[in-house]
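Below is one structure; the comments refer to it alone.
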Amino acid sequence: MNKHFSDTRYYLSQAASHLKRGLSEELSPVVRRVRSRLGREVPEPEPETRAEKARVVAETTAARVVETATGAKRRVDQRRGDDDAAA
């Protein structure tokens, strides 16, 4: 009989943790909106899966590449402008 109670308690705790994770996932957009309206800092959610982490890394890398390319193009254009003025 004691085994049944311990099994029940185990499954009940698993159900409660599953419910907590599900509610926090479902209510996170609402919480984010309320915090932004109250003026509190809203941290970006951390990526949980490997795919999400890879997507975040790819986005930041792409943004950095675009920024670097834009800076390089600007420097080349400036240098070409300096060469045209000297000639």
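The values are calculated or read from the model by the stated rules, or taken from the named source; none is laboratory data. Everything numeric here is computed off the predicted structure, so don't read it as measured data. Because the Cβ atoms are built from the backbone with ideal geometry, glycine has one as well, and the counts that use them run over all protein chains shown.
Sort out which residues of the range 41-55 are modelled with pLDDT under 85 and surrounded by fewer than 10 Cβ atoms within 10 Å (Cβ to Cβ), and write them in order of number. Talk me through it step by step, then tell me what you get.
Keep residues of the range 41-55 that are modelled with pLDDT under 85, which gives 41-48.
Selection gives 41, 43, 44, 46, 48.
Going by what's in this entry, would residue 66 be described as assigned to a helix (DSSP H, G or I) and at pLDDT below 90?
Details: assigned to a helix (DSSP H, G or I): yes; at pLDDT below 90: no.
Criteria not met by residue 66.
What single numbered condition from (1) touching a Lys or Arg at 6+ places or on another chain (Cβ under 9 Å); (2) outside any helix (DSSP H, G or I) fails to hold for residue 48?
(1)
Residue-wise test of (1) surrounded by fewer than 10 Cβ atoms within 10 Å (Cβ to Cβ); (2) in contact (Cβ under 8 Å) with a residue 40 or more places away in the chain; (3) among the hydroxyl-bearing types (Ser, Thr, Tyr); (4) touching a strand residue (DSSP E or B) at 6+ places or on another chain (Cβ under 7 Å).
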{"position": "8", "(1), (2), (3), (4)": "no, no, yes, no"}
{"position": "23", "(1), (2), (3), (4)": "no, no, no, no"}
{"position": "28", "(1), (2), (3), (4)": "no, no, yes, no"}
{"position": "39", "(1), (2), (3), (4)": "yes, no, no, no"}
{"position": "58", "(1), (2), (3), (4)": "no, no, no, no"}
{"position": "65", "(1), (2), (3), (4)": "no, no, no, no"}
{"position": "76", "(1), (2), (3), (4)": "no, no, no, no"}
